[in-house]
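The values are calculated or read from the model by the stated rules, or taken from the named source; none is laboratory data. Because the structure is a prediction, the values reported are computed rather than measured. All Cβ positions, glycine included, derive from the backbone under ideal geometry; neighbour counts span all protein chains shown. The area values use the complete protein model at the heavy-atom level, side chains included, leaving out ligands, DNA and RNA. Shrake-Rupley method; radii C 1.70, N 1.55, O 1.52, S 1.80 Å.
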Amino acid sequence: NLTGALASFRASLDIRERLAKADPQNAGWQRDLSVSHNKIGNVLVAQGNLTDALAAFRTSHDIFERLAKADPQNAGWQRDLAISHFKTGLAEEQGGDIQAAIESFEAGRTVLAALVERMPDVVQWHQDLADSERDLTRLRAARS
């Protein structure tokens, strides 16, 4: 029920926007707001609305980018930023903009590579990095 899911996620977004505006310094509420935009983007992709999905992912990305810049040592924010690059890249790819998708994936890969270098024992980051390399290889081949 994509229509119902979208309505629920938008209602959640409204609540999270009010909370984030009430306390802009609350990083947790900012992250929750970004996650709401991501969930809306996911539903919009499933509905085939790539234009609005990409806008939702970019809004989410902007929030994750602010969080990551505000606290560069927070590995969770850094991973969130990397994943937001990938979500944006996937939407760009589905919309036919392969070069933009490559650039988004490269940016995410850079963030993940720094995380892996800084904390090499986190297996999930190695997996994320390997997945990004696989996707970059596929995208580069599609561009050729």
Practice item. Please work out the Cα center distance from the range 1-42 to the range 86-144, rounded to the nearest Å. Key: 25
Exercise for review: Can you list which of the GluC sites (Glu not before Pro) found in the range 64-133 are DSSP loop residues with at most 14 other C-beta atoms within 10 Å?
Suggested key: none
Review point. Given a Förster radius of 41 Å and the C-beta distance between Ala100 and Ala22 as r, what FRET efficiency does 1/(1 + (r/R0)^6) yield to the nearest 0.05?
Key: 0.75
Study note, to complete from the structure: Given Cβ charges of +1 for Lys and Arg and -1 for Asp and Glu, the option among Gly41, Gly108, His126 whose Cα lies farthest towards the positive end of the dipole of the chain is Gly41
**Study point:** Kirkwood Rh, angstrom, the chain [1 / mean 1/r, Cα pairs]
**Key:** 15.7
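State the extension gain, in nm to one decimal, for the chain segment bounded by Gln47 and Ala5, taking 0.36 nm per residue of separation less the distance between their alpha-carbons.
Stretched out fully, the Gln47 to Ala5 stretch lengthens by 14.0 nm.
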Practice item. Find the accessible area per residue for the range 53-144; the probe is 1.4 Å, ligands and nucleic acids are left out, and the unit is Å². Key: 51
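May I ask you to give the percent of accessible area on the range 35-88 that is carbon plus sulfur, with a probe radius of 1.4 Å?
With neighbouring chains kept in place, the figure for the range 35-88 is 51 percent.
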Review point. Can you give the relative contact order of the chain as a percent, counting alpha carbon pairs under 8 Å and 6+ residues apart?
Key: 16
Check your understanding: Which value, in debye to the nearest 20, gives the size of the charge dipole of the range 21-144 about its Cα centre, when Lys and Arg are +1 and Asp and Glu are -1 at the Cβ?
Key -> 80
